[in-house]
């Protein structure tokens, strides 16, 4: 199968005479897959139970006759107005108690039995009609799952979820720490979602509702997935993930898909967009266990929802598309095929922009399609894996918990911590995977844990065992603080890892904006740090760097400890970027982690996939490279 190439196609927005033009232009551009039906529920079911599939029959037949495959979507991300009008209880309610109305998209309560019944009905009707259509290549379930609701139906489902998790009210009260602020529950009916309250909501109530929110949406997805799969199990099923999205646990969702799919919209005005794009693509590859994944959505031009919707400069869509292929994608799709003349996304970029095919964007799309077709013919690329010697721990629970209200620093952001560790390795052309805290580390020379605020016993034992048998770990600050019930570890931090890292933290010491620590280090060179520090003391570890001056004078902030046959580094602050880069370069050298291609000019990215090495220039000027690529 060739590299997939295409985008979202919304023929219901256009008269039939445009459809013939579309398929002609698709063939000209080399398109071989389009996603159809994402927002077409009202067109497919204009009234409850009355289906109109005639137009979709024509579209799918037309696409098939022209050699274009279809990713057919269940249209349940955007219910039709008739559903909300007739059944207001299908509409979502915010934590403020206010119900959101129809007239946009994502206007559904995931707990509503009426919504679920309607969603399964349309999904089943589509599958019954098209599961064996020759154009069908892939099922696309819903779209960008993420809506939350705090209504009475969700409260009832939440109580059921809590009963399954904790068993009884006594266990719930113990886990939630309801002795604080007289919050003890005496009946299940008293337990609510975290609604708007006079002050601060119970933190584990908040965290559990985030967990529940991911699980209840996953129920919606799997129900529709099973409904379509039952008609033809041979057709693979996916849904589109969003990069750096906290509310749906990617690890839990990925195992329920046949292929992981990504929607990503880096900002062309962001000088770090290339790095952030690489990071999101590495996450998707990792969620799928290293298997090939699909770039489901990116804009060929502007993303209309940005405050400043600058289009991609010439060549940038090609660069970021090839970056996806280099990092494991077997397909490159876009949102959308033809620019919408009306509606909320009328200013959004498209493969065929408002200017039509006689345009820079469409010419670039045609060029990209031809290039991907050529890449499809080379050996040792499609279906191949991307090797990595470094794993970065990514944990959704730790992410959510670290950002709960009333933490020591409300500006401490989990993804920022991941980015700080990922970026210097990306710049050094060292490829990283992402891994679960309890995942398999033995295949990696180095494991980075920028932050793991919450730690399970299994994750604690897993990391300790990896170090003990010879692995190297770098652990960032504000880690090992609490268990999954948001119960703080007593006796010092990083909780269960004090012996592994040879350090005991007595106090977290967040720093106000503008306060900079001076840090002395003979090994790494002196540097500065900001935002976060800790009152720590070495308990067997070597002190590599310590604070100079101020109330933390002499406190260690970089420590290295031998534990068993391995090495554990603890970083108790947020070093300046160049200092962290030096530290990670040192650790990589010590562990034998090498760049894909060393000595490249800044801004030139190197990635190996299968038998091929991709060199991607993120600079505006030309880079000349003279280098023998290793076998």
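Structure summary
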item	result
Residue in region 414-421 that is part of a loop (DSSP other than H, G, I, E, B) and assigned by TED's automatic domain parsing to the domain that holds residue 440 present	no
Exclusive hit being in contact with a strand residue (DSSP E or B) (Cβ under 7 Å, 6 or more places away or on another chain) and over 25 Å from residue 38 (Cβ atoms), set 286, 321	286
Residue under evaluation residue 200, criteria (1) more than 25 Å from residue 160 (Cβ to Cβ); (2) buried (at least 18 other Cβ atoms within 10 Å of the Cβ); (3) outside the structural domain of residue 282 (by TED's automatic domain parsing), criterion not met	(2)
Residues within region 487-524 that are more than 17 Å from residue 476 (Cα to Cα) and out of contact with any strand residue (DSSP E or B) (no Cβ under 9 Å at 6 or more places or on another chain), tallied	3
Flag for residue 340 being modelled with pLDDT of 95 or more, out of contact with any helix residue (DSSP H, G or I) (no Cβ under 9 Å at 6 or more places or on another chain) and farther than 29 Å from residue 287 by Cβ	no
Criterion violated by residue 400 - all others in (1) more than 22 Å from residue 275 (Cα to Cα); (2) over 20 Å from the mean Cα position of the chain (by Cα) satisfied	(2)
Any hit, region 126-137, residues being part of a loop (DSSP other than H, G, I, E, B), modelled with pLDDT under 95 and either within 30 Å of residue 4 (Cα to Cα) or not assigned by TED's automatic domain parsing to the domain that holds residue 345 (or both)	no
One residue from 388, 350, 373, 398 being touching a strand residue (DSSP E or B) at 6+ places or on another chain (Cβ under 9 Å), outside any loop (DSSP other than H, G, I, E, B) and crowded, with 20+ Cβ neighbours inside 10 Å	398
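One line per residue, one yes/no per condition, for (1) surrounded by fewer than 17 Cβ atoms within 10 Å (Cβ to Cβ); (2) more than 18 Å from residue 534 (Cα to Cα); (3) not assigned by TED's automatic domain parsing to the domain that holds residue 283:
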position	(1), (2), (3)
407	no, no, yes
429	no, yes, yes
443	yes, yes, yes
461	yes, yes, yes
465	yes, yes, yes
474	no, no, yes
482	no, no, yes
502	no, no, yes
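Matching residues to (1) over 22 Å from residue 253 (Cα atoms); (2) part of a loop (DSSP other than H, G, I, E, B); (3) in contact with a strand residue (DSSP E or B) (Cβ under 8 Å, 6 or more places away or on another chain); (4) without any contact (Cβ under 8 Å) to a residue 40 or more places away in the chain:
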residue: 146; (1), (2), (3), (4): no, yes, yes, no
residue: 149; (1), (2), (3), (4): no, yes, yes, no
residue: 155; (1), (2), (3), (4): yes, no, no, yes
residue: 161; (1), (2), (3), (4): no, no, no, no
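The values are calculated or read from the model by the stated rules, or taken from the named source; none is laboratory data. This one's a predicted model, so the numbers in the text were calculated from it and none came from an experiment. Note that each Cβ is placed from the backbone with ideal geometry, even for glycine, and that neighbours are counted across all protein chains shown.
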